[in-house]
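J.: Below is one structure. I have some questions about it.
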Amino acid sequence: MVLVSAVRDYINRMLQDISGMKVLILDSHTVSVVSVGYSQSELLQKEVFLVELVDSISKSKESMSHLKAVYFLRPTSENIQHLRRQLASPRFGEYHLFFSNILKDTQIHNLADSDEQEVVQQIQEFYVDFVAIDPYHFTLNMPSNHIYMLPAVVDTSNLPHFCDRVVDGIASIFLSLKRRPIIRYQRTSDIAKRIAQETARLMYQQESGLFDFRRMEVSPLLLVIDRRDDPVAPLLNQWTYQAMVHELIGIQDNKVDLRNIGKLPKDQQEVVLSSEQDAFFKANMYENFGDIGMNIKRLVDEFQQISKSNQSIQTIEDMAKFVDNYPDYRKMHGNVSKHVTLVTEMSKIVEERKLMLVSQTEQELACNGGQVAAFEAVKNILNNESVSDIDRLRLVMLYALRYEKESPVQLMQLFNKLASRSAKYKPGLVQFVLKQAGVDKRTGDFFGNRDLLNIARNMARGLKGVENVYTQHQPLLFQTMESISKGRLRDVDYPYVGNHFQQGRPQEVVIFIVGGTTYEESRSVALQNARNSGIRFILGGSVVLNSKRFLKDLEEAQRMARSSTVVV
Amino acid sequence: MATRNRTVVYRRHRDAVKSVRAPLFSSASGSGGPVIEMASLLGSNRSSYAPLSTEDPGPSSRDAFTVGLPPSWVDDSEQVAANIQRARAKMAELVKAHAKALMPSFEDGKEDQHLIEALTQEITDILRRSEKRLQKLSASGSAEDSNVRKNVQRSLATDLQNLSVELRRKQSTYLKRLQQQKEGPDGVDLEMNLNGNKSSLEDDEFSDVGFNEQQMVKIKKGQQEREREINQVVQSVNELAQIMKDLSVLVIDQGTIVDRIDYNIQTVAVSVDEGLKQLQKAERTQKKGGMVRCATVLVIMCFIMLVLLILKEILF
């Protein structure tokens, strides 16, 4: 609720005081920001009759002075350039400019210079610089995400850009919540430290007036951590609805693109999966695959009953009732076909890629012990012809991440086997992952084999048996959240920035994962929030990862690292 | 939700820049502020009208001179919107009339019935007219603001559809309550009846085994009434169904991909690109086309023939 309602409030405020016909002009980032929280029909109700992108609007020359222009852009230099050109030859009657983050004074001056016709009525900063995909989950949709993996010496030009964007995103979250947090970061990650320090500087020094909100008893907490502390979460295959759709097909801004999947009717080629608008999805997004199947069957049965009763139209009253209920019926029909299509497609993929088998091995690698058994299992799967390249690579990576130190000979064997069979994956990607996220680099103990308590817990779980072998894995985030709830997050591992300090437990926590979040982790956060323990968690990242995206980031980073060493 | 207003800073800078720019244009005439205002107006090629109110240099004073009137379809859309408002007002009246007719009263409820019928008819008329006008909206106007027109259509169509649904619902609840009222005291529902009171007279008559003349007449009248009422109902259902069918094509389904802003921007971009490609292809085929070549060949032949003819005349 929190994030989506913040977005909606901002947009409502933007549009409410401007009367008459309006045109809304967005850029490629703010389109995502607005689309996840506001629908086209709601825009129409607010008399916004045209939506355009700022870069394409300059191509048209026709003047529409009966429309008032509402611009909502990120304050980047390209956008300012576009705006300057458009202000110099204005097409619309009035211009109302809203920016999603803090404007520099030079930018304001530049705009004022170009505004010779004095068409600009207002310039405001409305701090919505993040994409609120779920009530407690946001993302920044950053394009070159892999930069976070490169040390500063390799890529000096893009790294500050990356950090600035992240800092802007985090700042806008807190400005929309109207809070100023205490900041902690993961000690072992340089980029987390850098981002945490820059955020602190922004909030407490540069713009301290803007962030000076009413202090509550307990300040909220911002925790900046690195994806590489838990590289297992994005690599695992998922079996809960939302995470599974993203892993097997891909969700972008709550939209699923089904265009390259066989023959589908036109209105099912792209579908929306949003917990705000789809009650069935909201009830089932965190359920596992088996339960979803049953629930969908029940949904289809209900729908069939209704359509049967619709077909027996005999009296006038029946006709009238049909006409009345038609819109609801149509909506239900669309919804049912959407879910049926998704589940069918996912079942097909599971069947093709033998994911049941692969996933079982993955989960055992991630959760249980037994190096010898694990080695055998992975070797068998590598020998299995019907397993795809990406699944083989993932298994070897998981094995390597877990048994990095034990029996290097067997690890080498697996590497060779992988290289000999999988033509697609460049050699050394697994070694790269170990270099980035190996046991020495990690703070957390997600394999549960470091501290005594975790080992004991694992043994207990092994003895008790698991409810569902496919969903045994708990992301490291879960442990982190528990530590925060108990007030026991270790200072040694997660130091404070500057001289901040926090007594007791925070009531609001924003966790930002540099490098991206996964839907499994957002599920963890949602379930934790539903427990009503008095602490509200919000999760965000630079992107939302699935295994394909994570591997792509690794490949990109490896390629850049390699090309730079050649130069140096 | 924090926001920050930078308009003051902006305006200050804009005024500063303007006063720097203006002296470049100022001519011999004038003194002080107002003249500089007019001069900068002249400089920006907007108009040559001197009597502008220079106290308020906002865009409102320029609008009248810049590009002026909105396109004509805006008038149509405003009229449809006004109709919708009127229909809403009438609907409120109808609700009151329904309530009054349902209240038990001693007098004959004929006037109430007439009022209800008249109001219902009026509202249905308004809805139908608005819908026709809405359809016309798509035809008129230029291609450039077709998107704006489409969106205006959609929004008005949604309103119209909601109104028709509301009307139907109110009608059906009224009918239901009316039936309940009749069934209540009588225990037997004899006929579906918009004019409630008449049937209570007939009830007593049916207790006899045989019917006499008077009763036969009454029964026949009752049946005719009933037919008329049924026809009315059928007609109104048909009309409304027709309206809803037409409108449902225009209206967006909420929660689907069509209701997403980014999807709509994409499709606009795609269709504009497609349109451009088609135009280019057409241009190319036309240029290459046999038609042009044929035509040129024929023209040249005609020319040659003409020349030969003239030569023939001259030589012979």
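J.: Treat each spin label as a single point 7 Å out from the Cα along the C-beta direction, and report the A:GLN45 to A:ASP491 distance in nm.
T.: 5.2
J.: For the stretch A:2-127, with equal point scatterers placed on the C-alpha atoms only and solvent neglected, what are the log10 I(q)/I(0) values from the Debye formula at q = 0.09, 0.14 1/Å, to two decimals?
T.: For the stretch A:2-127 at q = 0.09, 0.14 Å⁻¹, log10 I(q)/I(0) is -0.22, -0.56.
J.: Given a 1.4 Å probe and heavy atoms of the protein chains only, how would you sort B:THR158, A:THR344, largest accessible area at the top?
T.: My answer, sorted largest first, is A:THR344, B:THR158.
J.: At a Förster distance of 41 Å, what's the computed FRET efficiency of A:ASN416 paired with A:ASP164, Cβ-Cβ distance as r, to 0.05?
T.: With R0 = 41 Å, the Cβ-Cβ based efficiency is 0.45.
J.: So which residues in the stretch B:266-289 end up with at least 10 square angstrom less accessible surface once the other protein chains are there, compared with the chain by itself, probe 1.4 angstrom?
T.: Hits at the 10 Å² cut-off: B:GLN266.
J.: Kindly state, to the nearest 0.05, the FRET efficiency for A:SER144 paired with A:VAL2, given R0 = 25 Å and r defined as their beta-carbon distance.
T.: Efficiency, from the Cβ-Cβ distance: 0.30.
J.: Any idea of A:ARG402's accessible area? Nearest 10 Å², probe 1.4 Å.
T.: Probe radius 1.4 Å; accessible area of A:ARG402 about 30 Å².
J.: Counting DSSP beta bridges with both partners in chain A, what percentage is antiparallel, nearest 5?
T.: Close to 20 percent.
J.: Residue by residue through the stretch A:244-250, what is 3J(HN,Hα) from phi via Karplus (6.51 cos²θ - 1.76 cosθ + 1.60, θ = phi - 60°)? Round to whole Hz and write x for glycine and proline.
T.: For the stretch A:244-250, the Karplus-derived couplings read 5, 4, 5, 5, 8, 10, x Hz, x marking Gly and Pro.
J.: Once the Cβ-Cβ distance between B:ASN212 and B:GLN113 is put in as r, and R0 is 22 Å, what FRET efficiency do you end up with, to the nearest 0.05?
T.: 0.15
J.: A follow-up question, please. Among A:TYR71, A:GLN413, A:MET142, whose Cα lies farthest out toward the positive end of the dipole of chain A, if unit charges sit on the beta carbon of Lys, Arg (+1) and Asp, Glu (-1)?
T.: After comparing all options, I get A:GLN413.
J.: While we're here: Report the Cα-based extents of the stretch A:81-231 along its three principal axes, largest first, to the nearest Å.
T.: On the principal axes, the stretch A:81-231 reaches 54, 43, 31 Å in Cα extent.
J.: Applying the Karplus parametrisation 6.51 cos²θ - 1.76 cosθ + 1.60 with θ = phi - 60° to the phi angles of the stretch A:344-349, what ³J(HN,Hα) value in whole Hz is obtained for each residue in order, glycine and proline being reported as x?
T.: 4, 4, 5, 4, 4, 5
J.: Taking the inverse of the average 1/r across all pairs of different Cα atoms in the stretch B:256-315, what Kirkwood radius in Å do you get?
T.: 15.8
J.: Net charge around A:LYS435, counting only other residues with Cβ within less than 13 Å of its Cβ (Lys, Arg = +1; Asp, Glu = -1)?
T.: Cβ neighbours under 13 Å give a net charge of +2.
J.: Over all alpha-carbon pairs of chain A, lay out the pair-distance distribution in 20 Å bins, whole %, shortest bin first.
T.: Using 20 Å bins, I get a P(r) of 18, 49, 28, 4, 0 for chain A.
J.: Once you put a point 7 Å from the Cα of A:VAL372 and another 7 Å from the Cα of A:VAL218, both along the Cβ direction, what distance in nm separates them?
T.: 4.9
J.: Explain nothing, just the number: dipole magnitude of chain A about its Cα centre with +1 on each Lys and Arg Cβ and -1 on each Asp and Glu Cβ, in debye rounded to the nearest 20.
T.: Once rounded to the nearest 20, the dipole reads 1260 debye.
J.: Given charges of +1 on the Cβ of Lys and Arg and -1 on the Cβ of Asp and Glu, with all other atoms neutral, how large is the dipole of the stretch A:2-127 about its Cα centre, in debye to the nearest 20?
T.: 240
J.: Same structure, new question: With a 1.4 Å probe and all protein chains kept in place, how much accessible area does B:MET1 have, in Å² rounded to the nearest 10?
T.: Accessible area, nearest 10 Å²: 50 Å².
J.: Using alpha carbons only, what's the Rg to Rh ratio of the stretch A:241-352 with Rh from Kirkwood?
T.: Ratio of gyration radius to Kirkwood radius: 1.03.
J.: Return a whole-number percent for the relative contact order of the stretch A:2-127, with Cα pairs under 8 Å and 6 or more residues apart as the contact set.
T.: Relative contact order for the stretch A:2-127 comes out at 25 percent.
J.: Which shape class applies to the stretch A:324-410: rounded if a/c is under 1.5, otherwise prolate when a/b exceeds b/c and oblate if not, where a ≥ b ≥ c are the square roots of the Cα gyration tensor eigenvalues?
T.: Here the stretch A:324-410 falls in the prolate category.
J.: State, in square angstrom and to the nearest 100, the accessible area buried between chains A and B, both chains counted, probe radius 1.4 Å.
T.: 6100
J.: Any idea which of A:ILE195, A:ASN368, A:ILE225 is furthest toward the positive side of the dipole for chain A, if Lys and Arg beta-carbons carry +1 and Asp and Glu beta-carbons -1?
T.: A:ASN368
J.: Hey, which of these cross-link pairs are over 27 Å Cα-Cα: A:LYS255/B:LYS132; A:LYS297/B:LYS245; A:LYS297/B:LYS150; A:LYS193/A:LYS435; A:LYS46/B:LYS96; B:LYS176/B:LYS245?
T.: A:LYS255/B:LYS132; A:LYS297/B:LYS245; A:LYS297/B:LYS150; A:LYS46/B:LYS96
J.: Can you tell me, using C-alpha contacts under 8 Å and at least 6 residues apart, the relative contact order of the stretch A:241-352 as a whole percent?
T.: Computed value for the stretch A:241-352: 27 percent relative contact order.
J.: Ok, one more. For a test of the definition: using alpha carbon positions, the gyration tensor, and the 1.5 limit on a/c, classify the stretch A:113-165 as rounded, prolate or oblate.
T.: In terms of gyration-tensor shape, oblate.
J.: Once phi is turned into θ = phi - 60°, what whole-Hz ³J(HN,Hα) does the Karplus curve with 6.51, -1.76 and 1.60 give for every residue of the stretch A:232-238, x standing for Gly and Pro?
T.: 6, 4, x, 7, 6, 7, 10
The values are calculated or read from the model by the stated rules, or taken from the named source; none is laboratory data. Source: prediction; values computed, not measured. Please note: Cβ atoms are built from the backbone with ideal geometry, for glycine as well, and neighbour counts cover all protein chains shown. Each accessible area value is taken on the protein alone, full model and side chains, heavy atoms only, with ligands, DNA and RNA left out. Shrake-Rupley method; radii C 1.70, N 1.55, O 1.52, S 1.80 Å.
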